[in-house]
Amino acid sequence: MGALVSIMSTVRIVLVSTSHPGNIGAAARAMKTMGLTQLSLVTPRIFPHAEATARAAGADDLLHAARVFSTLAEAVADCNLIIGSSARTRHLEWPQLDARAAGKLAATQAHPSTVAFVFGSERTGLTNAELDRCHYLAHIPTREDFSSLNLAAAVQVMAYEVHMATLTMADGQSKEPADSSTTRRDQHLPAPAIEMERFYTHIEQTLADIDFLNPSRPKLLMRRLRRLFNRAQPDAAEVNILRGILTAIQRRDKG
Ligand code: SAH
């Protein structure tokens, strides 16, 4: 049971630019039924609000504890794995998972990793710039011509999948002897988002310094590089090596 709680407490739901406070409350209720407690809000249009509390229907403790941020980068700064939830499947810029696979991935990586599921606004969903911060894009399979769930309904499905994957895992593990696998996983935790963002700023700067990147059109190359490094999920020590290489290149370039 303890392991279950630890996993669920390191899976965060992040709602970006939510328009309707009622959806924030309904999302909190959806989370609480599945044992998720960490709710973060990025620039909600209206929050707190009576409608949010009403729709939370008893999950108002999650609303009180919710953290509000002015950027997605801040909301996921400490996260090791970031999964963007999208109603649309996009061109192949991001590795895609269905909700079930996303739930499994989150359950296996959470604790010690901190995992975020990021949801877009009701009207526009997640922007490409927001998806640039995600390792994976998760899609709830639907009818092809009617794919957009209500925001809180989407949170419910993802939270359910994480919960089910966690239950299945806990069931399997209870039959195995305890071992030190957590310690082993700890050593190779993917670097948190804040360190990856510093690395991307550094590599963009270095590539501009050596005229590899055209500063007036940096987006495509940077998106490809993000995709590469997000796939590799380097740990903090590996990111330090890469940044050391960049610093050496910059020093040589200026010297
Ligand atoms: N009109 C928007 C949909 C917004 S729905 C668009 O076209 O993208 C609000 C949010 O709920 C989405 O940003 C997404 O995070 C989530 N969502 C809705 N339907 C989903 C689906 N089928 N799969 C995954 N996430 C979904």
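For the chain, modelled as a Gaussian network with Cα springs under 10 Å, which listed residue fluctuates most, Ala110, Ala77, Ala30?
Result: Ala77 has the largest fluctuation of those listed.
Would you tally the net charge around Lys104, using a Cβ to Cβ cut-off of less than 12 Å, leaving Lys104 out, and scoring K and R as +1, D and E as -1? The partial results should precede the final answer.
Working: positive: Arg100; negative: Asp98, Glu161.
Overall, the nearby charge balance is -1.
Based on the mean of other Cβ atoms within 10 Å per residue, sort peptides 223-232, 188-197 so the most packed one is first. Mind dumping the intermediate values first?
Values: 223-232: 15.0, 188-197: 18.7.
The peptides rank, most packed first, as 188-197, 223-232.
Could you grab the Rg to Rh ratio for the chain? Cα atoms only, Kirkwood for Rh.
Expressed as Rg/Rh, it is 1.00.
Along the three principal axes, how long is region 190-254 when you take its alpha carbons, biggest first, rounded to the nearest angstrom?
Taking the Cα atoms of region 190-254, the three principal extents are 30, 26, 16 Å.
What is the sum of charges around Ile140, taking Lys and Arg as +1, Asp and Glu as -1, for the other residues whose C-beta is under 14 Å from the C-beta of Ile140? Before the final figure, lay out the partial values.
Details: positive: Arg88, Arg100, Arg143; negative: Asp98, Glu144, Glu161.
Charge balance in the 14 Å sphere: 0.
Quote the relative contact order of region 80-161 in percent (integer), defining contacts as alpha-carbon pairs under 8 Å separated by 6+ residues. Let's see the in-between values first.
Working: 113 pairs, mean separation 40.9, N = 82.
Relative contact order for region 80-161 comes out at 50 percent.
Keeping every protein chain in place, order Arg123, Arg143 by accessible area at 1.4 Å, biggest value first, i.e. largest first.
Highest to lowest solvent-accessible surface, that is Arg123, Arg143.
In Å and from the alpha-carbon atoms only, list the Rg and Dmax of region 117-166.
11.6, 32
Taking the Cα centre of the chain as origin, sum charge times position over the Cβ atoms of Lys and Arg (+1) and Asp and Glu (-1), and report the length of that vector in debye to the nearest 20.
On the way: 28 positive and 25 negative charges, 90 e Å.
Roughly 440 debye for the chain.
Go through His202, Ala191, Ser216 and say which Cα lies farthest out towards the positive end of the charge dipole of region 190-254; charges sit on Cβ, +1 for Lys and Arg, -1 for Asp and Glu.
Selected residue: Ser216.
At a threshold of 8 angstrom on Cα-Cα distance, excluding pairs fewer than six apart, so keeping six or more, what relative contact order does the chain reach in percent?
Working: 418 pairs, mean separation 55.6, N = 255.
Relative contact order comes out at 22 percent.
Helix 99-109 versus the longest principal axis of the chain: what angle, 0 to 90°, nearest 10, using Cα atoms?
70 degrees
With angles folded into 0 to 90 degrees, how steeply does helix 219-232 sit against the dominant principal axis of the chain? Use alpha carbons for both and round to 10.
Here the helix axis deviates by roughly 70 degrees.
Of all alpha-carbon pairs in region 1-141, indicate the percentage at a distance above 17 angstrom.
Here the long-distance tail beyond 17 Å is 58 percent of all Cα pairs in region 1-141.
With a 1.4 Å probe and all protein chains left in place, how much of the accessible area of region 36-164 comes from carbon and sulfur atoms, in whole percent?
Carbon and sulfur together cover 55 percent of it.
Top to bottom by accessible area (1.4 Å), largest first, where do Tyr136, Tyr200 land? Could you put the intermediate results ahead of the total?
Details: Tyr136 55, Tyr200 5 Å².
Descending accessible area places them as Tyr136, Tyr200.
Take the Cβ-Cβ distance between Asp209 and Thr142 as r, set R0 to 41 Å, and report the resulting FRET efficiency rounded to the nearest 0.05.
Values: r = 46 Å, r/R0 = 1.12.
That pair, Asp209 with Thr142, gives E of 0.35.
The values are calculated or read from the model by the stated rules, or taken from the named source; none is laboratory data. The model shown is predicted, which means the values in this text are computed figures rather than measured ones. No Cβ is skipped: glycine too gets one built from the backbone with ideal geometry, and neighbour counts run over all protein chains shown. We work out accessible area using only protein heavy atoms, side chains counted, and drop any ligands, DNA or RNA first. Shrake-Rupley method; radii C 1.70, N 1.55, O 1.52, S 1.80 Å.
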